[in-house]
């Protein structure tokens, strides 16, 4: 296992070498406008995956893939000569789908922007289906009645708290091991 930093550096170097070699050494007429976008090397430095894009239609993409596959040996020997490493990694060329995905995302975002603009245009002249403020507000003269009802509710909850405290103190006086037995059964025992 090689150092991950070394693998990254080798991947960058392979990308540069392959890109330059495609421009200068490969004369295959099937090779279209190829751009090397990325290269990745396994941690044991035995295999390298080179990602590329092709400008053009699907026929040009397919022809460029065939041209790169036929030029793999020449490109590998060029990488070996220029890097000087003991074992030259095998090269695998993979069409990069990131630009296509980015283009699809841009188109989707443009559709959403146009839908938002249409919605904003419709919203300008829209009116509420009901009242502008649909929430109920209490009448101001009912405030005095609400205060008296709130005080009565507070007195009632305080009485409940007091009776609950008495129930807990009776449970604390029970003998040990009687925690699972209902209070009615304990008093009879």
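The values are calculated or read from the model by the stated rules, or taken from the named source; none is laboratory data. Bear in mind that the values here come from a model prediction, so they are computed numbers and not experimental data. Using ideal geometry, Cβ is built from the backbone for each residue, glycine included, and neighbour counts are taken over all protein chains shown.
Does residue 69 fit the bill of being modelled with pLDDT of 90 or more and within 36 Å of the chain's Cα centre (by Cα)? Give the derivation first.
Details: modelled with pLDDT of 90 or more: yes; within 36 Å of the chain's Cα centre (by Cα): yes.
So residue 69 fits the description; yes.
From the list 43, 64, 77, which residue is within 34 Å of the chain's Cα centre (by Cα) and over 15 Å from residue 95 (Cα atoms)? The unique qualifying residue is 43. Considering (1) surrounded by 11 or more Cβ atoms within 10 Å (Cβ to Cβ); (2) more than 33 Å from the chain's Cα centre (by Cα), the lone condition that residue 99 does not fulfil carries the number (2). Return the only residue of 49, 42, 90 being out of contact with any strand residue (DSSP E or B) (no Cβ under 7 Å at 6 or more places or on another chain) and at pLDDT 90 or above. Checking each option against the conditions leaves just 42.
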